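J.: First the structure, then my questions, so here it is.
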Amino acid sequence: MSWETIIGIEIHAELMTNSKIFCSCPTDFGAAPNHHTCPICMGLPGTLPVLNEEVVKLAIKAGLALNCEINLLNKMDRKNYFYPDLPKAYQISQYDLPICKDGHVDIEVDGEKKRIRINRIHIEEDAGKLVHLEEEPYSLIDYNRVGVPLVEIVSEADLRSPQEAVAYVKALRAILQYAGISDCRMEQGSLRCDANISIRKIGQKEFNSKVEIKNMNSFKELLKAMEKEEKRQRELYQFGEGFKVVQETRRWDSAKGRTIPMRSKEDAHDYRYFPDPDLIPIVLKEELVTALGRQLPELPAAKSIRFTDAYGLTEKEAEILVGDKALGEYYEGVVGLGAAPKAVSNWMLGDLLKLLKEAEQESDDIPIKQQDFKQLLCLIDEGKISGKIGKEVFTEMFKEGKSPDEIIKEKGLEQISGTDVIEKIVVELIEKNPQSVADYKGGKPQAVGYLMGQVMKATKGQANPQLAKELLEKKLNAI
Amino acid sequence: MSLAAMTIEEIQRGLAAKEITAVALVKAVFERIKEVEPQVQGYITLCEKEALTQAEAIDKKIEMSVPLGKLAGVPIALKDNICTDGIKTTCGSKMLADFVPPYDATVVKRLKDADAIIIGKVNMDEFAMGSSTENSAFKATKNPWDLSRVPGGSSGGSAAVVAADMSVLALGSDTGGSIRQPAAFCGVVGLKPTYGLISRFGLIAFASSLDQIGPLTKTVYDSAVALEVLQGKDPMDSTSKAPQEINYVEGIKDGVKGMKIGVPREFFQKGLDPEIAASIQKSIEAYRSLGAIVEETTLPITEEGLSAYYIISSAEASSNLARFDGLRYGYRPEDFEKVEELMEKSRTDAFGEEVKRRIMLGTYALSSGYYDAYYNRAQRLRRKIREEFKTIFEKYDLILSPTTPALPFLCGEKSDNPLEMYLEDIYTININLAELPALAMPCGFSSTGLPIGLQIIGPHFSEGKILKAAYALEKDLNIVGKRPQWKEEA
């Protein structure tokens with residue numbers, strides 16, 4: 001019997017505003033606990049929220065970037081529930097009239113293109129964070145994050161595998177980053193992702209019970225968690241235990257590598273949504289939407305096409321560079337300085353990505369200056385250093401942040417292009433290796449290769465190989 | 001006459017002519033408080049020291065001819081649901097018995113800017129839920145006209161301290177009649193402005209879409225002065241609105257000649273005290289003699305408003321009061337194991353019966369499966385009421401009605417009967433649902449010497465017209481200055 005996996009994704013992305021959604025507290029990550037709070041975001045009695053216009057603008061941009069329809073009339077609602085991280089005991093969100101609806105994102109998995117529909121995007125405020133101390137019997141609460149603006153982006157249940165789901169989130173992240181809507185840092189929690197997974201027999205129309213999984217902090221974990229949940233459900237259905245798949249929320253435990261039940265359908269809250277009487281309806285003008293649409297920069301799909309057309313990159317290369325906004329910008333920066341597009345791509349996708357990964361560094365934090373990158377490629381081009389030495393210099397540049405000239409000088413890596421020096425070495429080697437000379441003369445041109453190796457060894461790889469070869473052949477022929 | 005009995009108008013004149021000083025005024029008010037507060041029980045917190053310091057500063061300003069604010073030297077009492085920076089703000093609840101806000105409500109800022117002097121914070125029904133001020137967690141305020149009776153509520157403290165000359169001006173809040181009903185019971189002028197005219201920032205919410213701050217004063221003129229200071233669009237309150245008139249005092253003496261006043265017959269049916277009906281009738285005659293055209297008219301859905309009101313206000317309250325969970329401020333029980341228990345115990349111990357009743361009612365009305373039948377239906381009714389008023393105001397400038405169906409009742413008389421207590425609001429709640437302005441003022445006295453209140457209702461932002469009409473009647477009836485008589489032994 002064949003089964004298929006049905007996945008829908010809910011994404012919470014923090015918006016890149018300077019201040020919170022209903023007060024003027026800053027939104028920066030990493031402040032001392034409770035330092036970014038005020039009577040308003042702490043929900044002190046008598047305080048009132050006033051909607052930050054920037055939030056509305058960014059949400060509209062998100063909608064336009066994701067091909068949504070914008071609801072010119074929308075409103076804020078209260079979602080009521082008691083939890084220590086929620087100071088008003090309700091979250092201001094949007095219920096039946098979200099700001100955007102009916103959009104889509106295109107993804108590609110294993111060469112197959114697919115359109116994923118977006119059901120809605122709505123605005124809401126973030127909650128605080130509970131801090132559980134290892135050895136203490138109590139918890140602490142950090143309210144810095146309370147009132148940080150979010151958009152929640154809800155997909156339709158169009159995804160059919162964990163791989164598709166990851167591709168969808170990656171595509172969405174790239175778009176949100178490009179449009180300047182969110183920095184989407186999963187590890188800092190500015191992009192959070194919940195997956196709804198169910199399994200059904202192929203051909204079956206109705207959906208089976210879905211399970212929501214939460215708490216995945218990286219793409220790797222997202223994929224692992226979905227695969228694990230998919231496997232759990234599949235096995236239950238296959239072995240006649242399908243009744244055990246119930247509607248529930250499960251938490252991904254990355255240390256244990258499995259999902260753990262959090263709450264069942266029976267524990268589900270009745271959120272008692274109703275329009276927030278402290279806020280007036282959001283009435284948007286068509287002109288504002290149009291103007292915001294014009295402000296949108298080039299988005300990943302268009303950029304990818306341009307990269308293949310203008311720079312001669314393969315689709316795969318373009319996709320990797322464009323899929324990470326910072327990486328793509330860096331690439332264009334170096335190419336813009338006059339470096340060869342294909343060479344830059346090769347160096348970035350090979351050496352640079354490897355170095356970033358080893359150093360666990362983000363692509364928006366590349367320590368090599370764009371000018372130095374270009375300079376290195378020039379030096380190789382001009383024959384000042386060999387490609388092999390170039391790799392060594394590149395690694396040094398990444399680690400020390402120095403220019404290639406500095407490194408070459410410090411380490412004495414400059415290619416030896418002086419004819420006198422190389423000629424002297426060549427003459428010595430010919431004298432020391434009569435057998436190779438005899439081979440060459442006897443009609444074995446590959447003997448040159450051995451002698452070349454000796455030249456490079458004697459110069460620690462710094463001899464200009466082209467020059468060395470020329471001189472070597474000239475001397476041999478002259479014998 | 002004691003300085004404590006002065007009106008804002010008299011204080012403005014007296015200070016300008018240097019006949020009185022702010023310090024003398026504040027001292028007189030505190031003397032009066034010492035004298036009658038033990039019987040009236042109007043205040044929760046007094047700020048004598050701060051008030052005197054403030055008065056000295058104002059006298060200094062006068063001495064140095066520094067320009068003064070409109071309410072310079074005017075002693076003011078604030079309902080205890082209006083946040084004051086550094087001064088305890090209890091909402092009449094055990095929940096907030098020790099709550100000291102770190103900020104001032106916008107109205108408090110405006111009052112301070114206008115050089116008013118805060119005397120203290122006054123008693124109220126817990127979280128403004130009630131019509132007798134008996135729901136306070138701290139004490140029951142008494143009606144200065146008859147200490148065996150209630151002062152009305154929920155702004156009972158505000159009305160009682162003004163009536164008893166323990167303050168010249170008081171702020172109250174009105175969600176369904178909470179300024180007007182106590183004003184009627186205590187024989188003072190109470191104004192509930194158009195929704196949004198006065199900022200709610202810093203008013204601890206009961207029902208956000210209905211709550212409105214307003215002044216309680218001894219005269220209509222004083223109400224006009226106070227409104228000028230209090231009103232205005234506030235960037236901290238999205239629901240606040242810019243006023244259409246800046247100056248209410250200027251045209252207050254214009255009279256009512258040619259004004260069309262409607263009197264809906266539904267307000268005069270079953271349950272209305274005959275003495276109140278007679279008193280309103282006298283006022284109608286007075287208006288006619290002053291040149292107004294007064295006609296009987298109809299406002300059919302008067303009674304249905306009551307259920308819509310209790311559903312909407314309780315629904316909003318259930319959400320507004322959810323933040324009181326014992327975690328960050330307010331009451332916290334001593335023993336608890338887990339956070340859920342802390343929340344549950346805090347709310348169980350610290351909320352009073354009436355507050356719990358409304359939270360239950362509101363939670364139920366918003367629950368899935370009941371939302372349409374209750375909350376949505378109530379909202380539809382609310383729109384209908386608004387439409388009905390709109391229609392009637394196409395024909396009339398103002399509407400006249402009694403403020404309450406009955407005279408001030410005895411303490412404890414309705415405490416065990418919430419439904420009967422809710423009926424107290426029958427003439428006032430629809431005005432909140434329609435977001436209209438309305439003023440309650442004394443228009444006579446019962447045979448037993450209790451004040452009778454009249455209500456003037458106008459279309460949105462018609463406060464100017466309402467104040468003119470009220471001023472004309474007040475002058476004609478000549479009842480200003482009549483204050484409760486204190487027996488010698490009291």
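The values are calculated or read from the model by the stated rules, or taken from the named source; none is laboratory data. Given the structure is predicted, the values throughout are model-derived calculations rather than measurements. Because the Cβ atoms are built from the backbone with ideal geometry, glycine has one as well, and the counts that use them run over all protein chains shown.
J.: Scan the range B:82-105 for residues that are within 11 Å of another protein chain (Cβ to nearest Cβ) and part of a helix (DSSP H, G or I) and report the count.
T.: 2
J.: From the list B:469, B:406, which one is within 20 Å of the chain's Cα centre (by Cα) and either without any contact (Cβ under 8 Å) to a residue 60 or more places away in the chain or under 20 Å from residue B:140 (Cβ atoms) (or both)?
T.: Values: B:469 fails: either without any contact (Cβ under 8 Å) to a residue 60 or more places away in the chain or under 20 Å from residue B:140 (Cβ atoms) (or both).
Among B:469, B:406, only B:406 is within 20 Å of the chain's Cα centre (by Cα) and either without any contact (Cβ under 8 Å) to a residue 60 or more places away in the chain or under 20 Å from residue B:140 (Cβ atoms) (or both).
J.: May I ask you to list the residues in the range B:308-321 that are small (Gly, Ala, Ser) and more than 12 Å from residue B:380 (Cα to Cα)?
T.: Applying the first criterion (small (Gly, Ala, Ser)) to the range B:308-321 yields B:308, B:313-315, B:317-319.
Once the filter is applied, which keeps residues that are small (Gly, Ala, Ser) and more than 12 Å from residue B:380 (Cα to Cα), the range B:308-321 yields B:313, B:314, B:315, B:317, B:318, B:319.
J.: Look at residue B:79 and say whether it is within 21 Å of the chain's Cα centre (by Cα), within 13 Å of chain A (Cβ to nearest Cβ) and surrounded by 24 or more Cβ atoms within 10 Å (Cβ to Cβ). Before you say what the answer is, go through the steps one by one.
T.: On the way: within 21 Å of the chain's Cα centre (by Cα): yes; within 13 Å of chain A (Cβ to nearest Cβ): yes; surrounded by 24 or more Cβ atoms within 10 Å (Cβ to Cβ): yes.
Answer is yes for this residue.
J.: Only one of these is more than 9 Å from chain A (Cβ to nearest Cβ) and within 26 Å of residue B:422 (Cβ to Cβ): B:383, B:323. Name it.
T.: Values: B:323 fails: more than 9 Å from chain A (Cβ to nearest Cβ).
Within the list B:383, B:323, the selection yields B:383.
J.: Then there is this: Quick check on the range B:13-30. Is at least one of its residues assigned to a helix (DSSP H, G or I), more than 14 Å from chain A (Cβ to nearest Cβ) and of a type in the set (Asp, Glu)? Working first, answer last.
T.: First, pick out the residues of the range B:13-30 that are assigned to a helix (DSSP H, G or I): B:13-16, B:22-30.
In the following step, the residues that additionally are more than 14 Å from chain A (Cβ to nearest Cβ) were identified as B:13-16, B:22-30.
Okay, now just the ones that are also of a type in the set (Asp, Glu), so none.
No, the conditions are met nowhere in the range B:13-30.
J.: Quick test for you: out of A:234, A:251, pick the one residue that is within 28 Å of the chain's Cα centre (by Cα), surrounded by 15 or more Cβ atoms within 10 Å (Cβ to Cβ), farther than 30 Å from residue B:364 by Cβ and of a type in the set (D, E, K, R).
T.: On the way: A:234 fails: within 28 Å of the chain's Cα centre (by Cα).
Result of the check over A:234, A:251: A:251.
J.: Criterion first (touching a residue at least 40 places away in the same chain (Cβ under 8 Å), in a helix (DSSP H, G or I) and in contact with a strand residue (DSSP E or B) (Cβ under 8 Å, 6 or more places away or on another chain)) does residue A:430 satisfy it? Lay out the reasoning, then the answer.
T.: Values: touching a residue at least 40 places away in the same chain (Cβ under 8 Å): yes; in a helix (DSSP H, G or I): yes; in contact with a strand residue (DSSP E or B) (Cβ under 8 Å, 6 or more places away or on another chain): no.
Criteria not met by residue A:430.
J.: Considering only the range B:159-167, I want to know if a residue exists there that is within 14 Å of another protein chain (Cβ to nearest Cβ) and not aliphatic (A, V, I, L, M). Before the answer, list the steps.
T.: From the range B:159-167, those within 14 Å of another protein chain (Cβ to nearest Cβ) are none; that's our starting set.
No - not one qualifying residue is present in the range B:159-167.
J.: Does the range A:322-338 hold any residues that are without any contact (Cβ under 8 Å) to a residue 60 or more places away in the chain and either at positive phi or in contact with a Phe, Trp or Tyr (Cβ under 7 Å, 6 or more places away or on another chain) (or both), and which are they?
T.: A:334, A:335, A:338
J.: Please count how many residues of the range A:166-199 are of a type in the set (A, V, I, L, M) and over 17 Å from residue A:103 (Cβ atoms).
T.: Just the residues of the range A:166-199 that are of a type in the set (A, V, I, L, M), to begin with: A:166-167, A:169, A:171-172, A:174-176, A:179, A:181, A:186, A:191, A:195, A:197, A:199.
If we keep only those that are over 17 Å from residue A:103 (Cβ atoms) as well, we get A:166, A:186, A:191, A:195, A:197, A:199.
Qualifying residue count for the region: 6.
J.: Does the range A:256-274 include one or more residues that are buried (at least 21 other Cβ atoms within 10 Å of the Cβ) and away from chain B (no Cβ under 14 Å)?
T.: Yes, some residue in the range A:256-274 is buried (at least 21 other Cβ atoms within 10 Å of the Cβ) and away from chain B (no Cβ under 14 Å).
J.: Let me ask something else. Taking the criterion of being modelled with pLDDT under 95 and away from chain A (no Cβ under 13 Å), would at least one residue in the range B:338-357 satisfy it?
T.: no
J.: Specify which of the listed residues (B:365, B:378) is within 14 Å of chain A (Cβ to nearest Cβ), closer than 28 Å to residue B:463 by Cβ and out of contact with any Gly (no Cβ under 8 Å at 6 or more places or on another chain). It would help to see each step written out before you state the result.
T.: Working: B:365 fails: closer than 28 Å to residue B:463 by Cβ.
Just a single option satisfies the conditions, and that option is B:378.
J.: Now for a different question. Give just the number: which of (1) crowded, with 18+ Cβ neighbours inside 10 Å; (2) of a type in the set (D, E, K, R); (3) more than 28 Å from residue A:217 (Cβ to Cβ) does residue A:88 not satisfy?
T.: For residue A:88, the failing item is (3).
J.: For the structure I just gave you, tell me whether residue A:374 is farther than 30 Å from residue A:105 by Cα and assigned to a loop (DSSP other than H, G, I, E, B). Steps first, please.
T.: On the way: farther than 30 Å from residue A:105 by Cα: yes; assigned to a loop (DSSP other than H, G, I, E, B): no.
No.
J.: Among what's in the range B:111-143 and is under 18 Å from the mean Cα position of the chain (by Cα) and part of a strand (DSSP E or B), pick the residue that is surrounded by the most Cβ atoms within 10 Å (Cβ to Cβ).
T.: For the range B:111-143, the residue satisfying everything is B:122.
J.: Here is a follow-up. Would you say residue B:108 is in contact with a strand residue (DSSP E or B) (Cβ under 9 Å, 6 or more places away or on another chain) and away from every other protein chain (no Cβ under 14 Å)? Lay out the reasoning, then the answer.
T.: Details: in contact with a strand residue (DSSP E or B) (Cβ under 9 Å, 6 or more places away or on another chain): yes; away from every other protein chain (no Cβ under 14 Å): no.
When the stated conditions are applied, residue B:108 does not pass them.
J.: For residues that are in contact with a helix residue (DSSP H, G or I) (Cβ under 8 Å, 6 or more places away or on another chain), under 19 Å from residue B:125 (Cα atoms) and basic (Lys, Arg), tally how many sit in the range B:60-92.
T.: 1
Table: residues versus (1) in contact with a helix residue (DSSP H, G or I) (Cβ under 7 Å, 6 or more places away or on another chain); (2) free of Cβ contacts under 8 Å to residues at least 12 places away in the same chain.
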{"site": "B:212", "(1), (2)": "no, no"}
{"site": "B:220", "(1), (2)": "yes, no"}
{"site": "B:223", "(1), (2)": "yes, no"}
{"site": "B:235", "(1), (2)": "no, yes"}
{"site": "B:239", "(1), (2)": "no, no"}
{"site": "B:283", "(1), (2)": "yes, no"}
{"site": "B:292", "(1), (2)": "no, no"}
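J.: Test each condition in (1) crowded, with 19+ Cβ neighbours inside 10 Å; (2) in contact (Cβ under 8 Å) with a residue 60 or more places away in the chain for residue A:397 and report the one that comes out false.
T.: Just one mismatch for residue A:397, condition (2).
J.: Output the residue which, of all residues in the range A:44-62 that are touching a Lys or Arg at 6+ places or on another chain (Cβ under 8 Å) and under 19 Å from residue A:94 (Cβ atoms), is farthest from the other protein chains (Cβ to nearest Cβ).
T.: A:52
J.: Let me ask another. What pairs come out if I take residues in the range B:1-17 that are closer than 17 Å to residue B:31 by Cα and touching a residue at least 40 places away in the same chain (Cβ under 8 Å) and pair them with residues that are surrounded by fewer than 19 Cβ atoms within 10 Å (Cβ to Cβ) and among the charged types (D, E, K, R) whose C-beta lies under 9 Å away, six or more apart or interchain?
T.: Pairs found: B:2/B:31; B:4/B:31; B:5/B:483.
J.: Taking the residues in the range B:201-232 that are within 12 Å of chain A (Cβ to nearest Cβ) and out of contact with any strand residue (DSSP E or B) (no Cβ under 7 Å at 6 or more places or on another chain) as candidates, determine which candidate is surrounded by the most Cβ atoms within 10 Å (Cβ to Cβ). Walk me through it before giving the result.
T.: At the first step, the residues of the range B:201-232 found to be within 12 Å of chain A (Cβ to nearest Cβ) are B:201-211, B:213.
Within this subset, residues satisfying the condition of being out of contact with any strand residue (DSSP E or B) (no Cβ under 7 Å at 6 or more places or on another chain) are B:201, B:204-210.
Details: B:201: 26, B:204: 29, B:205: 27, B:206: 27, B:207: 25, B:208: 20, B:209: 21, B:210: 25.
Ranking the qualifying residues of the range B:201-232, first place goes to B:204.
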